[in-house]
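Colleague: Following this message is one structure expressed as structure tokens.
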């Protein structure tokens, strides 16, 4: 899981290009967190937001289909 890191200056950071597929893989496995980096342009930010939203929605749908171990609701028995 990522951690919140202080802002980086040019000496402490590196500029690189990475494929969306590889970035998606790193996010999905939890190897990269949104707080680990910053986007340098609007298009990159939009792409990253879309990736995180997709994984967030996928996780929500996966959890929605899991049955929670709760007893069934009480109903009045017919007399």
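Colleague: So, in the stretch 15-47, exactly how many residues are within 17 Å of residue 58 (Cβ to Cβ) and assigned to a helix (DSSP H, G or I)?
Modeller: 10
Colleague: Only one of (1) modelled with pLDDT under 85; (2) outside any loop (DSSP other than H, G, I, E, B); (3) more than 14 Å from the chain's Cα centre (by Cα) is not met by residue 62, so which one is it?
Modeller: Exception for residue 62: condition (3).
Colleague: Determine whether residue 50 is surrounded by 10 or more Cβ atoms within 10 Å (Cβ to Cβ) and at pLDDT below 75.
Modeller: no
The values are calculated or read from the model by the stated rules, or taken from the named source; none is laboratory data. All of these numbers come straight from a predicted model, not from anything done at the bench. FYI the Cβ positions are ideal-geometry reconstructions off the backbone, even for glycines, and counts take in every protein chain you see.
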